[in-house]
Every structure is written in structure tokens, then in C-alpha cells.
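The values are calculated or read from the model by the stated rules, or taken from the named source; none is laboratory data. Quick caveat, the model's predicted, so the values are computed rather than measured. Neighbour counts run over all protein chains shown; Cβ positions are idealised from the backbone, glycine included. SASA here: full protein model, heavy atoms, side chains in, ligands and nucleic acids out. Shrake-Rupley method; radii C 1.70, N 1.55, O 1.52, S 1.80 Å.
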Amino acid sequence: MSSASPERIVVAGAGLAGLRTVEELRAAGYAGTVTLVGAEPRPPYDRPPLSKRLMLGEIDDTTLRDDLDTLDVELCLGQPATGLDDGVLRAGAAEHRFDRLVLATGATPVGLPGGGRQRFLRTMDDALALRALLRPGLRLAIVGAGWIGAELATAAAAGGCEVTVLEAAAAPLAAALGAELGALTAPWYHEAGVELRLGQQVASVEPGGLALAGGGWLPADEVVTAVGVRPEIGWLDGSGIAIDNGVAADEQLRTSLPGVFAVGDCMAFWSLRYQRRLRFEHWDVALRAPAVAAVNLLGGTDTYDPVPYFWSEQFGRMVQYIGFHGAAGRMLLRGDPAARQWSVCWLAGDLLVALLAVNSPRDLAQGRRIIQAATPVDAARLGDPQTPLRDAVTGQG
Ligand SMILES: Cc1cc2nc3c(=O)[nH]c(=O)nc-3n(C[C@H](O)[C@H](O)[C@H](O)COP(=O)(O)OP(=O)(O)OC[C@H]3O[C@@H](n4cnc5c(N)ncnc54)[C@H](O)[C@@H]3O)c2cc1C
């Protein structure tokens, strides 16, 4: 085998990032063997609709493609990878020899203590089981007012459930957006008839309800824990691979082990743009990083250097976020957050570094171009919702 033309590529994890890796390898002309090893028995499916259209009953299946055979991929489903040795991926009793390996095992929800039944919303089976339970009057407790908690609350309230969302932080989405901005979404819960309890830590999930920190009790027929996910990488223990809040990858998506790459939710890549290691749980990363990985698996030297993008659909609103506000110095509101349509801009000096758009696809599209080009902007014009974002640009970056 020449180093530029591997004969056997194995992909661990059959979600979006795993499937996209196979697609991109074939698109790049790779003609060798490719094996896709997945823990779940289902072929690759899409997750974002699980908490949206599927939960609302508009669709029943989110399988990504029904013509997998055209990719000439060896599918090993229902086979969780359990370990990694030199040139061999182990999956229980099965062994998959590889010349190159791609890690795409995604992320897993974090659970709460306690002996009561807690449900999660990560897999298609989770979603179908949960949807079957939703009925008028069901007392549904959702722990966590993050993206998934908000989307599930939307669908459950529409289905007539009595929904209570408990959030330890002072505002919804506080971890993602900061409490000040997250607080602007709190009225959406009340509008939808969802009870939102902020600053309420849950001690444990018990039969019949939730034991609350501080001694309270919330009775519930069903509990869904939506307090976040962690990268699914425990199975790599002992492999010697470098871990740093996920499988550590460089800007070319190479891990510390020769011939081993990583993509998607399980991967923390070195961002040249932001000069730090970043791990996102964004569909866009799972969609696009595989194109870079595929080129580099075949001997190339492409760089993955995205402006991050994420969206959520909650309480009848399309919420989109572009950029990275980690280094932003100030936040600027564009429009009235009590209205249906508004945006928030984050600035670092005179640069727009991130934007949150609520029902404002035009702001999102224009903001994306400004952030990517790093052109200076005029803050006063940026804050005026009557001025198109692109007209706030003051110079060439
Ligand atoms: C309900 C829901 C709604 C979402 N909505 C949005 C949204 O609106 N916008 C957005 O940007 N993002 C959204 N996301 C996030 C987005 O879906 C993820 O970022 C994306 O699915 C990541 O793809 P992935 O392939 O890296 O990981 P995953 O989709 O998690 O796929 C990884 C696969 O690997 C498998 N696996 C795990 N361990 C092993 C193992 N040891 N061996 C083999 N296989 C293994 C898993 O079973 C899984 O099938 C949502 C996620 C969920 C759950």
C-alpha cells in the first residue's frame, strides 16, 4: 500500500459524520474498501428532525439515504466499537483491520442520579418512544432548558402535555448564549403554556417524579433529561489517543495516532481561525468536516477552518447562530426581542464576530458573509434593524 492510497478505510460511527465521510471518500474517487461500523442497528439517520418534525408527528423516519448500496460500503450495524489496537478496530468479537481509520462516534446524553426512569432524546428509538407517550394531560418534566429541552417542550406543549422545564441556571440557553441573552427566550415558554422554573437544580430522578435540590418534589409521569451530552469516546480508553474534551484533532482533522482521523461531535479540532481547540455539537460540523477528512485520508493537506453555524426551531421561531462569541467585547441588540423578529450581534472591536438571528434569515446570510470576510462594521448602523446588515460594513477586511 502506498501512503497516499489506502486499501482499507474503516469508519467508526454510522451517524451523519460517518456517512458523510464515506460519501466524500467515494466522491473523491477512492476505490478501495470502506467499512462503516455503527453501534445502532439502524442505517445512518438525521438527528435534528427528531426533536422537531418527527416529534410533532409530521414524519416517522429520518433515514439519510435508502441507496447505501450505491456507495459500495461494507455496513456493520449493531456493532459498537470497543477498542483500538495498532491497525485494528475491535467491535466486540469482530475485528476490522484498517490502513486508515475515522472516528465518528458522536456524543451521548449525560444522565442524572436516581433510580427513577429518565428518558433521553438522542436516537431515533428515543424519539419514537417519547412521541408515543405524548398525550393531553401527560405531566412531562424536562430537565434542562437548552436547545433540545426547548424543542421538546415545543412539541410536547403542542400535543397538550403539561410541561415543566427545570433549569439550574438563571436563564434558558445560558451556557450557549449567556444568561442575559438566554433570558430573552424565557417568555417563549410562558407563551406556549410551558412552566419554566429557573435556578432550579434537580437532585435526582425518582419513581414518580423529581427530587429537587433544596428539598422540593415535582411529580411527573415522564422525565426527560436534556442537560447536555459528552463525546462518545470512552471506548478509546487504553488506545493512547490524545483526548482534550473529545478526540483531539489538528486543523487537518488528524488525531495523535498515525492514519487515524476524527469528525463530528466526538472531535475537538484545532481552530486556526480562533487559535484554540473547539468541539461543537453542530450538524454543520458533521456535514462538512468529512469532506476535509476524506481529502486528507487520501494523502491531501486540506484545512478545516469553519465559521461555526447552528440552528434551532423552538416555540414557532427559527433561531440561527453564526460565528463564535468567545472573544467578543460587546453585545448589541438589533430590533425588539418582544417582537417576532430580531437579532443580536457580538462585536470584538469593530469586527462582527457572531450573530444570533431570530426569524431573521436575511441577517443571518449577510452576517455570515461579514464574519467570514472579517470586514469592519459601524456599530450604530449595526444596531439599527432598519439598516440591512451589509450596509453596516465600513471597509475592506
Ligand atoms: C434531537 C436532536 C436535535 C438536534 N438538532 C440540531 C439542530 O437543530 N441544529 C444543529 O446544528 N444540530 C442539531 N443536533 C446536533 C446534531 O444532530 C449533531 O451535531 C450530529 O448528529 C452529529 O453527528 P455525528 O455523526 O458526529 O454524531 P451522531 O449523530 O451522534 O452519530 C454517531 C453515531 O455513532 C454511533 N456510535 C456511538 N458509539 C459507537 C461505537 N463505540 N462504535 C460504533 N458506533 C458508535 C452512535 O450510535 C451514532 O449512531 C441535534 C441533535 C439531536 C440529538
>> Need pairs with beta-carbon distance below 8 Å; first residue open to solvent by 50 Å² or more (accessible area, probe 1.4 Å) and within region 233-247, second more than 10 Å from the ligand (Cβ to nearest atom); sequence gap 6+ or separate chains.
In response: GLY240/SER256; GLY240/LEU257; ASP244/ALA268; ASP244/ARG277; ASN245/ALA268; ASN245/ARG277; ASN245/ARG279
> Would you pick out the residues in region 156-179 that are within 12 Å of GLN314 (Cβ to Cβ) and in contact with a helix residue (DSSP H, G or I) (Cβ under 7 Å, 6 or more places away or on another chain)?
Replying inline: VAL165, PRO172, LEU173
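Residue-wise test of (1) away from the ligand (no atom under 16 Å from the Cβ); (2) in contact with a Pro (Cβ under 8 Å, 6 or more places away or on another chain); (3) without any contact (Cβ under 8 Å) to a residue 12 or more places away in the chain.
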{"position": "GLY137", "(1), (2), (3)": "yes, no, no"}
{"position": "VAL143", "(1), (2), (3)": "no, no, no"}
{"position": "THR154", "(1), (2), (3)": "no, no, no"}
{"position": "THR164", "(1), (2), (3)": "yes, no, no"}
{"position": "ALA176", "(1), (2), (3)": "no, no, no"}
{"position": "ALA179", "(1), (2), (3)": "yes, no, yes"}
{"position": "ALA186", "(1), (2), (3)": "yes, yes, no"}
{"position": "VAL194", "(1), (2), (3)": "yes, no, no"}
> Taking region 273-297 only, how many residues are away from the ligand (no atom under 12 Å from the Cβ) and open to solvent by less than 40 Å² (accessible area, probe 1.4 Å)?
Replying inline: 6
> Which residue out of ALA170, ALA175, ALA81, ALA153 is within 30 Å of VAL344 (Cα to Cα) and assigned to a loop (DSSP other than H, G, I, E, B)?
Replying inline: ALA170
> Within the group GLN386, GLN372, which residue is assigned to a loop (DSSP other than H, G, I, E, B) and of a type outside the set (A, V, I, L, M, F, W, C)?
Replying inline: GLN386
> So which residues in region 84-106 are of a type in the set (A, V, I, L, M, F, W, C), outside any loop (DSSP other than H, G, I, E, B) and under 28 Å from the mean Cα position of the chain (by Cα), if there are any at all?
Replying inline: LEU84, LEU89, ALA91, LEU101, VAL102, LEU103
> Do we find a residue being closer than 14 Å to VAL223 by Cα, more than 18 Å from the chain's Cα centre (by Cα) and surrounded by fewer than 17 Cβ atoms within 10 Å (Cβ to Cβ) anywhere in region 152-163?
Replying inline: no
> If only one of ASP61, ASP46 is at pLDDT 95 or above, open to solvent by less than 60 Å² (accessible area, probe 1.4 Å) and either farther than 24 Å from GLY240 by Cα or touching a strand residue (DSSP E or B) at 6+ places or on another chain (Cβ under 7 Å) (or both), which one is it?
Replying inline: ASP46
> Across region 280-326, which residue is farthest from LEU25 (Cα to Cα) among those that are in a strand (DSSP E or B) and of a type in the set (S, T, N, Q)?
Replying inline: GLN314
> Out of all the residues in region 1-40, which are open to solvent by 10 Å² or more (accessible area, probe 1.4 Å), in contact with a helix residue (DSSP H, G or I) (Cβ under 9 Å, 6 or more places away or on another chain) and more than 7 Å from the ligand (Cβ to nearest atom)?
Replying inline: ARG20, GLU23, GLU24, ARG26, ALA27, ALA28, TYR30, GLY32
> In region 107-118, which residue that is touching a Pro at 6+ places or on another chain (Cβ under 9 Å) and outside any loop (DSSP other than H, G, I, E, B) is nearest to the ligand (Cβ to nearest atom)?
Replying inline: ALA107
>> Tell me yes or no: at least one residue of region 87-106 is under 30 Å from LEU210 (Cα atoms), crowded, with 16+ Cβ neighbours inside 10 Å, touching a residue at least 60 places away in the same chain (Cβ under 8 Å) and more than 14 Å from the ligand (Cβ to nearest atom).
In response: no
> From the list GLY209, GLY199, GLY228, which residue is closer than 30 Å to THR255 by Cβ, modelled with pLDDT of 95 or more and among the small types (Gly, Ala, Ser)?
Replying inline: GLY228
> For region 212-247, which residues satisfy the criterion of being under 30 Å from ALA91 (Cβ atoms), among the charged types (D, E, K, R) and either within 16 Å of the ligand (Cβ to nearest atom) or part of a strand (DSSP E or B) (or both)?
Replying inline: ARG230, GLU232, ASP237
> Taking the stated definitions as given, is ARG131 farther than 25 Å from VAL22 by Cβ, open to solvent by 40 Å² or more (accessible area, probe 1.4 Å) and either part of a loop (DSSP other than H, G, I, E, B) or not aliphatic (A, V, I, L, M) (or both)?
Replying inline: yes
>> Could you check region 327-337 and list, in sequence order, the residues that are outside any strand (DSSP E or B), surrounded by fewer than 18 Cβ atoms within 10 Å (Cβ to Cβ) and at pLDDT 95 or above?
In response: ASP336, PRO337
>> Step by step: first the residues of region 68-86, then only those that are within 10 Å of the ligand (Cβ to nearest atom) and not hydrophobic (A, V, I, L, M, F, W, C), then the one that is least open to solvent (accessible area, probe 1.4 Å). Which residue is that?
In response: GLY83
